[in-house]
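Nothing in this text is a laboratory measurement; each read-out follows from the coordinates by a stated rule. Computed from a prediction, not measured in an experiment: that's the story for all the values here. We place every Cβ from the backbone using ideal geometry, glycine too, and count neighbours over all the protein chains shown.
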Amino acid sequence: MNGIDFKTAIFVAYKTITRGNKSTAVFTVFILSLSFFNLMFVSGFLNGFSDGIMRSMIDNSTAHIIVMPQEKPTVKEFILNQEKVRAQIETIPGVVGTARHYQLGGSFAYDKEKMGEFKRVSAPVIGVTQSEEKKILTVYQNIVSGEFPDDLKNDEIILGANLAGGFGTKQTSDLGGAVVGDEVQVTYSNGIIRTYTIKGIFKISMGGSVGGTAFISAQEAESVLSVYDNASEIMVRVDLIHGTLDEYVEQIETIVPNLKIEKYTNRLSTVGILVDAFNIIAVIVTVISIIVAAITIFVMIYVNAVNKRRQIGILKAIGIKESIIELSYVFQSLFYVILGTALGLVIVFSLVVPLLQIRPILMPFGNASLVYTFVEIFINIISLTISGIFAGFIPAKMVARQNILRSIWG
Amino acid sequence: MIKVDNLTKTYPGEVPTQALKGVSFEIKKGEFVALMGRSGSGKSTLLHQLGLLDIPTSGTVLIDGVDILALSDAERTSFRLNHLGYVFQEYALIAEFTALENVYFPAMVLGGERNKERASELLKLVGLEERLHHYPGEMSGGEQQRVAIARALINNPKILFADEATANLDTVSSEVVYRLFQKLNKELNQTIIMITHEPEDRKYMDRVIWLKDGLIEKED
């Protein structure tokens, strides 16, 4: 195969396309664009689903990075001097904000009818400073009753809807319909008993177990735990445009080498299994879509090649190498694939993505969107292009191998 | 120039058909030879074997000393392109190419220079200088056949094969094609082997090989 062979193959492909049936060409490009759209949409939607679940976890539960008390050489219950630690972490470029959490366990007692009949459930209680919390988590945006004020008083509590009960599906461990203004009694694991007025109720469908927790003020938590300026965890939100998660973790480890650092991905648990399952489904669906697209291209190019059998026979009769004929069909196939891919990209990014922004599909974690990385788009394009090369080559090879006279005269 | 020895061709099938049963003859350079015979006599089969469009079952075909049966597929393709010209009964032009493109295309594959100019000259030679940029579908049968002849000549073939090249043409067009072949034969010493059914065409030929039932019946 030399330069002249390439030039000849391009010439044959060019003439065959430009002098071929325009309607067939448009139809071919349209079908290929739909194949590419199918490939992009399904994988993008599943990516969007996984991305939405992860985003929900980050926004409502864990932020990006969790700093925990030291484990070595001795295990400590709290991070000491949390304000200083947070101030140091916040000096790292790209860190959006930090917030401390106190983790407490409590047994809730609620008398709905005020008849002395208490329903008791156990649930985690988190002590937060709402002004810090708002910088890193969006729980405050999911209040369905009451409010989550910045100055949450020591005798006020915010309940998750799954804990309060009465919001959607009944949970086995809810309070049976606690409402804003009611009182709940909490017995902490250290024996301290406090009574709180419910100030607000939030509802989060996706976000790990946070939907079944309660929030109290950090000062109240310190009062219960008899500590000051400590934290059970420091949640860190970062800007991933400026660095990767691993880079941020490394920098935080440099600042607080004795503390334990975790990425949010370590906290995914069942959500992680769900995300992994969706990622596997996305890969399977993508592979199937590529195979379907390849078969579509193959069938279309094969029909084209069979219809051009006479032309192929004539080319062979006048002494054109089979490799040139095959290459010309690969070029034709690539032409259709490139146009089909381009049209598919236009459909996805100019039509479907804006349409989903205007008329979003509501999912438990928020609005479903199509999510792609440049690498995924590139892989999809390359996959379809490679499919196009084979789908163009194989039918041309099959037809070109036929007897010359049979090709010409049928 | 061409030496054929005991050439046979059998088409496989439930009942194999022996189209050539052992044909031997020689053709010298510059001869204008006709293959004649009744339908089914084997003349088209013979021309296809000589033109390397098909593979004989047995025998020997030497063209300028080259045993064409010993060539690989790629070598046969190259031999066709470089040394043979073929004119089909049904023209066999590429519908997507203009007359000019159909003619210069075989030369383009060889990468020679001035291909378009030479193709234009050949189309002028066959009287189609006004039809260079017309597509086959826009030309008459006679015009298409003349394009096919020009195409067959573009690479200066050693042998020009014509398979009933005038069968689909009217009398006037047939006359034009024969005169063209005669001109090529006399002026350029072009070796031509042509199948024809018409005895009156004998006047243009140097020699006629008559075939009957896959064998040479006679030569005159």
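Numbers for the structure displayed
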| quantity | calculated |
| --- | --- |
| Per-selection metrics, the stretch A:70-258 (Cα): Rg and Dmax in Å | 17.6, 57 |
| Selection from A:213, B:13, A:335 lying farthest towards where the dipole of the protein assembly as shown points positive, charges on Cβ | B:13 |
| Loop sites in the stretch A:117-193: trypsin sites (Lys or Arg not before Pro), DSSP, at most 12 other Cβ within 10 Å | A:170 |
| Distance between modelled label sites at residue B:121 and residue A:350, nm, 7 Å Cα→Cβ extension | 5.0 nm |
| Net dipole in debye of chain A [+1 Lys, Arg Cβ; -1 Asp, Glu Cβ; about Cα centre; nearest 20] | 3020 debye |
| Euclidean distance between Cα centres, the stretch A:107-177 to the stretch B:70-108, Å | 85 Å |
| Net dipole in debye of the stretch A:101-179 [+1 Lys, Arg Cβ; -1 Asp, Glu Cβ; about Cα centre; nearest 20] | 280 debye |
| Full-stretch length increase - residue A:250, residue A:187 - with 0.36 nm per residue and alpha-carbon distance subtracted | 18.8 nm |
| Loop-located trypsin sites (Lys or Arg not before Pro) in the stretch B:6-49 whose Cβ has at most 13 other Cβ within 10 Å (DSSP) | B:28, B:29, B:38 |
| Of B:45, B:98, B:77, the one that fluctuates the most in a GNM where chain B has Cα springs shorter than 10 Å | B:77 |
| Helical contribution to [θ] at 222 nm, DSSP H n ≥ 4, -39,500 (n - 2.57), averaged over chain A, rounded to 500 | -16500 deg cm²/dmol |
| Difference of contour (0.36 nm per residue) and Cα-Cα distance, residue A:402 to residue A:19 | 135.5 nm |
| √(5λ) per eigenvalue of the Cα gyration tensor, the stretch B:110-155, largest first, Å | 19, 10, 9 |
| Part-to-part distance (alpha-carbon centres) for the stretch A:220-278 and the stretch A:11-44, which is given in Å | 49 Å |
| Per-selection Kirkwood Rh - the stretch B:12-87 (Cα, Å, 1 d.p.) | 13.8 Å |
| Relative contact order of chain B, defined on C-alpha pairs under 8 angstrom at six or more residues apart (%) | 31 percent |
| Distance from the stretch A:334-410 to the stretch A:299-323 (C-alpha centre basis), Å | 25 Å |
| Rg and Dmax [Cα atoms of the stretch A:21-134; Å; Rg one decimal, Dmax integer] | 25.7, 85 |
| Within a Gaussian network of chain A (alpha carbon springs, distance under 10 Å), most fluctuating of A:296, A:98, A:74 | A:74 |
| Given charges at beta-carbon only (K, R positive; D, E negative), |dipole| of the stretch A:213-256 in Debye | 160 debye |
| Calculated from backbone phi, Karplus (6.51, -1.76, 1.60) coupling profile of the stretch A:331-340 in Hz, x at Gly/Pro | 4, 4, 4, 4, 4, 5, 5, 5, 5, x |
| Computed log₁₀ I(q)/I(0) - Debye formula, equal Cα scatterers, no solvent, chain A, q 0.06, 0.11, 0.15 Å⁻¹ | -0.42, -0.86, -1.26 |
| DSSP-defined beta bridges in the protein assembly as shown - what % are antiparallel, rounded to 5 | 70 percent |
| Mean separation of Cα contacts under 8 Å, 6 or more apart, over the residue count of chain A: relative contact order % | 28 percent |
| GluC sites (Glu not before Pro) within the stretch B:103-166: DSSP coil, no more than 15 neighbouring Cβ in 10 Å | B:113, B:129, B:130 |
| Gain on full stretching of the segment that runs from residue A:226 to residue A:144 - 0.36 nm per residue minus C-alpha separation | 26.3 nm |
| Bridge type composition, the stretch A:70-258 - antiparallel percent by DSSP, nearest 5 | 75 percent |
